[in-house]
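A short reminder: the numbers here are calculations on the coordinates, not readings from a lab. From a predicted model like this one, the values you see are computed outputs, not experimental measurements. As a convention, Cβ positions derive from the backbone with ideal geometry for all residues, glycine included, and neighbour counts pool all protein chains shown.
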Amino acid sequence: MSPYPAWPFLSDPQHPFLSAVWAVLIHGVLGVFVLAPLIWRARHRASWAACAFAGGSILDVDHFIAAGSLSLHRIETLPGGRPDTHSLAFVLLLSLVVLVLWPGRWKLAAAWSCFAVNTGHLLFDGAGANEHLLYPWTGSDGIPWLLCPIGAVALCAASELLARHIYAPNRISRMPAAMAPR
Ligand SMILES: [Zn+2]
């Protein structure tokens, strides 16, 4: 794989605070985008969108753990690049845990949301290299940047399919009122 060296959207460790704000912002927007069809149909759009926005950055908690520090400068300049938990395998595992533990009928939507938001995060980071996307299978470090927009649109399209399934008329009639769409 050939990471695109000029991917201009990654944060700049020279400005740790601004970088962190930028990272939270862009991962949040991407999180909302990949789940947009589900968020749009939900009764509580704002809370769904807020969760997707916040969830967009959740994966970066691994930076703090790897650095053993709350220093923004240290988490943004980890030796060896991003932690190995910035990988598809970890995201799949996380989504499986959500699928197993999430109670009730929103299991699938919750697990998919976890997968889509975190995969969107990986695609964005991976476009700028220094990421072990396919850990533990390969040591590749990044993806061609075009995969980021293509992947985000594909995730959004999959959310649309899932939303159509979840909000199919015969299923809505069986939903508790709080969960039904507007
Ligand atoms: Zn990240």
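Among 26-33, 104-111, how do they line up by average Cβ neighbours within 10 Å per residue, starting with the highest? Write out the running numbers ahead of the final one.
Numbers: 26-33: 20.6, 104-111: 14.6.
My ranking of the peptides, most packed first, is 26-33, 104-111.
Per 5 Å bin, what percent of the C-alpha pairs of the stretch 51-123 does each bin hold, from zero upward?
Pair shares across the bins are 3, 17, 23, 21, 17, 11, 5, 2, 0.
With just the Cα atoms of the chain, tell me how far they stretch along each of the three principal axes, in Å, largest first.
Largest to smallest, the principal-axis extents are 53, 31, 29 Å.
When the helix-only estimate is applied to the chain (DSSP H runs of n ≥ 4, each -39,500 (n - 2.57), divided by the residue count), what is the mean residue ellipticity at 222 nm, nearest 500 deg cm²/dmol?
-18000 deg cm²/dmol
Which angle between 0 and 90 degrees, to the nearest 10, do you get for helix 107-126 versus the longest principal axis of the chain when only C-alpha atoms count?
The angle comes out near 30 degrees.
Cα axis of helix 88-101 to longest principal axis of the chain: angle in degrees, 0 to 90, nearest 10?
30
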